[in-house]
Amino acid sequence: MILLALESSAGSSSAAIWQDGNILSHEFVEGQYGHAERIVSQAHKVITQAEIKLEQIDFFIGGRGPGSFTGIRTCLAAITGFGIVADSQVFGVNGLSAIGFSCFQKLKYNALSNQSIAILSLSDTRRSSYYCQHFSSEKPMTDNIEDLDLAHLQNKISLLAELNDAVYIIGAFEIERLMLDEQHHKRQEWVNKVTFLREDLDATIIANFAGWQVQTGISLSPATPLYLAPAKVNKAKKALW
């Protein structure tokens, strides 16, 4: 099974070819703008690097957010176009779920199987709040996404640290801003339970999560944007006549 994954919901664009659990090729470009101009060429580049043909690709997968409105639409439009040309299936992946799954995959090799673990996958909304998705050892899959300001997020982290043996905070964020202050360190053991993992979402993470879903028979989401907030609409300029 071969997947082409694209991701451009944040300050970068990326493409990856995944086959049977392995990344065959990967292209990552940092840049806040220009996703639409480069995402298709990035896809062609990884296809060439992997030495496969477009018609060999079984699934086209795109990051559906949360993130930039323009970036999400660019990514999903690109995979939809490729899917039509190759006559293959097209799906979308929740980026927070993909990062949470990535964290679980890393932790499964550690001696933590007998502990209760909580994972918070975060994305900065750039509206003085964070999109937050909570995963646990008992519930590694969830669709519930919260939009929390910093104070409520810190309270959530404190509560999870009280209820679990370990808490992992993963995603693209400024770690210093999330560090719990003295008010949240009333119990010293909480400090040692929380681990911050800075990880940018890219196409390899999207591909690995989608590949796991297909292999385990879990239904994938449609290639539609995961918008959690209304788009900003600029005020109309005053008429000059």
Candidates per chymotrypsin sites (Phe, Trp or Tyr not before Pro) in segment 28-69, loop by DSSP, up to 13 other Cβ within 10 Å: 33
Listed pairs 53/108; 106/156; 106/193 exceeding 26 Å between Cα atoms: 53/108
Loop-resident sites, segment 51-104, for trypsin sites (Lys or Arg not before Pro), counting at most 11 other Cβ within 10 Å (DSSP): 53
Nearby aspartates and glutamates by direct alpha-carbon distance to residue 45 (threshold 18 angstrom, same-chain neighbours under 8 apart not counted): 7, 27, 30, 37, 55, 58, 202
Long-range amide H contacts for residue 221: which residues qualify at under 5 Å (H placed 1.01 Å from N, peptide plane, sequence gap of 5 or more or a different chain)? 92
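Read-outs throughout are calculated quantities, based only on the coordinates presented, and are distinct from any laboratory measurement. Since we're looking at a predicted model, the values are computed, not measured. Cβ sites come from the backbone with ideal geometry, for glycine too, and all protein chains shown count toward neighbours.
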